[in-house]
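Note sheet for the following structure.
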Amino acid sequence: MSALLPVYEREIVLVRGKGARLYDKEGRIYLDFAAGIAVNGLGYGDRKVLKAIRDQAGKLIHVSNLFHTEPGSELAARLVGLAFPGKVFFCNSGTEAFEAAMKFARRIGKAQGRTEYVCFERAFHGRTMGALSATWNPKYREPFEPLVPGVRFVPWNDLAAVREAVGDKTAAVMIEPVQGEAGIRVAEAGFLQGIAAIARERGALLVCDEVQCGLGRTGRMFGYEHAGITPDILTLAKPLGGGLPLGAVLLREELAGHIQVGDHGSTFGGNPVAAAAALAVLDRLTAPKFLPKVNAKATFLRRGLNLIARRYPAVKQVRSLGLMVGIELEASALPVVKALREKGILVTRAGDNVVRLLPPLVVKRKDIRRLLEALDEVLATGAGAAPKAPAPAVAVEGGSGGAVA
């Protein structure tokens, strides 16, 4: 029996990976369309990331944030150069990044009485207490209530509801440009533009949580770019460290002065090894042909999924932006996830009835073809379809005078 606390369902033991493939301890090979839940954007064993980790580990692994390090300082400069002029706080995970964003927004607005947050139905921002307070699903929230007060949820893609909710006490409107755990729900460009305008008009901050959708996943460096907006605060994590724990919060330059020494901290955040790995990740993501290739593969995958959706009524909807894909089914997605695993393909669920595809951004077209073929075969068995209602009993005269269905 495992000594691990059973907060996850685990069935296989993975021992190594290469490219978009993973290997278990029995030697079985899996094609990975989960990428460690969007962490392994460059797949497994990227040579430049590995070299950066090895080189930095031989020099300096940890000194705390009481001191500058060259990789951390360089990474902060690279991030603001890619996003917007500002300052960066480093932490270790997405939920930590979101917690910091909540604190910073309240710190900035508190003098004006701005201590509340507007968030969205189906949002998922993390499992620590602050982030959980901004997470909508009662399944995650209720066992840990009471949570942080002052969070209001409004419907997705509903600007009128946002306009009604944002007021004089609102510190920030906090949104995922693509909701990941909710089943890949893409915010309409007009919705994001409208939120940005409402926040600006009413003196609230706009926080974009791009822990899952940021850093190339949607085919742009950041998800908010699809709407042509710029947030006040941006949270990043998952793929940033190349598989090592690393999160980041970016604040616009004119806001950063509100945050003082001692307002927040992290012992390990932005440690030199993780920062060195992140610099190698950014080198790959910013290469001239990298994101165009992501978009081309995303188009190829979506076209294949659209063909499958037309063949199988069990597929209610396909939603995607870049290589972030949700396949909504009539019934539970679990049988589909398990059947694909039996065929050597790893995918995850997002909610009960959505198959989520988050392949490494370096996935090859031949791997996408294999996924499409396997999914076609699985759906052909009836997996993911709602159970058919039993035919109504029909009374027929029997020899004994009884009714036979």
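Only one of these is in a loop (DSSP other than H, G, I, E, B), of a type in the set (S, T, N, Q), under 23 Å from Thr135 (Cβ atoms) and open to solvent by less than 10 Å² (accessible area, probe 1.4 Å): Thr218, Thr235. Name it.
Thr218
Which count do you get for residues in region 162-173 that are outside any loop (DSSP other than H, G, I, E, B) and open to solvent by 40 Å² or more (accessible area, probe 1.4 Å)?
Residues meeting the conditions: 2.
Could you check how many residues of region 319-369 are of a type outside the set (S, T, N, Q), within 21 Å of Ala386 (Cα to Cα) and out of contact with any strand residue (DSSP E or B) (no Cβ under 8 Å at 6 or more places or on another chain)?
Total satisfying the criteria: 6.
I'd like to verify a number: residues in region 11-21 that are modelled with pLDDT of 90 or more and assigned to a loop (DSSP other than H, G, I, E, B), how many?
Residues in region 11-21 being modelled with pLDDT of 90 or more and assigned to a loop (DSSP other than H, G, I, E, B): 3 in total.
Answer yes or no: is there a residue in region 160-171 that is under 17 Å from Phe98 (Cα atoms) and at pLDDT 95 or above.
yes
Can you name the residue in region 183-208 that is assigned to a loop (DSSP other than H, G, I, E, B) and touching a helix residue (DSSP H, G or I) at 6+ places or on another chain (Cβ under 9 Å) and, of all such residues, is nearest to Ala331 (Cα to Cα)?
Ala187
Output the residues belonging to region 332-352 that are in contact with an Asp or Glu (Cβ under 9 Å, 6 or more places away or on another chain), farther than 23 Å from Val178 by Cα and either of a type outside the set (Lys, Arg) or crowded, with 21+ Cβ neighbours inside 10 Å (or both).
If the condition is that a residue be in contact with an Asp or Glu (Cβ under 9 Å, 6 or more places away or on another chain), farther than 23 Å from Val178 by Cα and either of a type outside the set (Lys, Arg) or crowded, with 21+ Cβ neighbours inside 10 Å (or both), then Ala339, Ile345 are the ones that fit.
Out of the residues in region 108-161 meeting the condition of being open to solvent by less than 40 Å² (accessible area, probe 1.4 Å) and in contact with a Pro (Cβ under 9 Å, 6 or more places away or on another chain), tell me which one is farthest from Lys238 (Cα to Cα).
So, considering only residues that are open to solvent by less than 40 Å² (accessible area, probe 1.4 Å) and in contact with a Pro (Cβ under 9 Å, 6 or more places away or on another chain), the one farthest from Lys238 (Cα to Cα) is Ala161.
Name the single residue that is farthest from the chain's Cα centre (by Cα) among those in region 353-388 being open to solvent by less than 10 Å² (accessible area, probe 1.4 Å) and β-branched (Val, Ile, Thr).
The qualifying residue farthest from the chain's Cα centre (by Cα) is Val378.
List every residue pair whose Cβ atoms lie under 9 Å apart, where the two residues are 6 or more positions apart in sequence or sit on different chains, the first residue falls within region 250-266 and is under 16 Å from Pro231 (Cβ atoms), and the second residue, located anywhere, is of a type in the set (A, V, I, L, M, F, W, C) and part of a loop (DSSP other than H, G, I, E, B).
The qualifying pairs are Leu250/Ala83; Leu250/Phe84; Leu251/Ile259; Arg252/Phe84; Glu253/Phe84.
Check off (1) in a helix (DSSP H, G or I); (2) over 29 Å from Arg141 (Cα atoms); (3) not aromatic (Phe, Trp, Tyr) for Lys110 and give me the number that stays unchecked.
For Lys110, the exception is condition (2).
Evaluate region 85-105: report whether one residue or more is surrounded by fewer than 15 Cβ atoms within 10 Å (Cβ to Cβ), touching a residue at least 24 places away in the same chain (Cβ under 8 Å) and either in contact with a Lys or Arg (Cβ under 9 Å, 6 or more places away or on another chain) or not polar (S, T, N, Q) (or both).
Taking every residue of region 85-105 in turn, at least one turns out to be surrounded by fewer than 15 Cβ atoms within 10 Å (Cβ to Cβ), touching a residue at least 24 places away in the same chain (Cβ under 8 Å) and either in contact with a Lys or Arg (Cβ under 9 Å, 6 or more places away or on another chain) or not polar (S, T, N, Q) (or both).
When only residues in region 36-48 that are in contact (Cβ under 8 Å) with a residue 12 or more places away in the chain and farther than 18 Å from Asn92 by Cα count, which is surrounded by the most Cβ atoms within 10 Å (Cβ to Cβ)?
Filtering region 36-48 for residues that are in contact (Cβ under 8 Å) with a residue 12 or more places away in the chain and farther than 18 Å from Asn92 by Cα, the one surrounded by the most Cβ atoms within 10 Å (Cβ to Cβ) comes out as Leu42.
The values are calculated or read from the model by the stated rules, or taken from the named source; none is laboratory data. Not measured: the values here are computed from a predicted model. Positions of Cβ are generated from backbone atoms using ideal geometry, with glycine treated the same way; all protein chains shown enter the neighbour counts. With ligands, DNA and RNA removed, areas are computed over all heavy atoms of the protein, side chains included. Shrake-Rupley method; radii C 1.70, N 1.55, O 1.52, S 1.80 Å.
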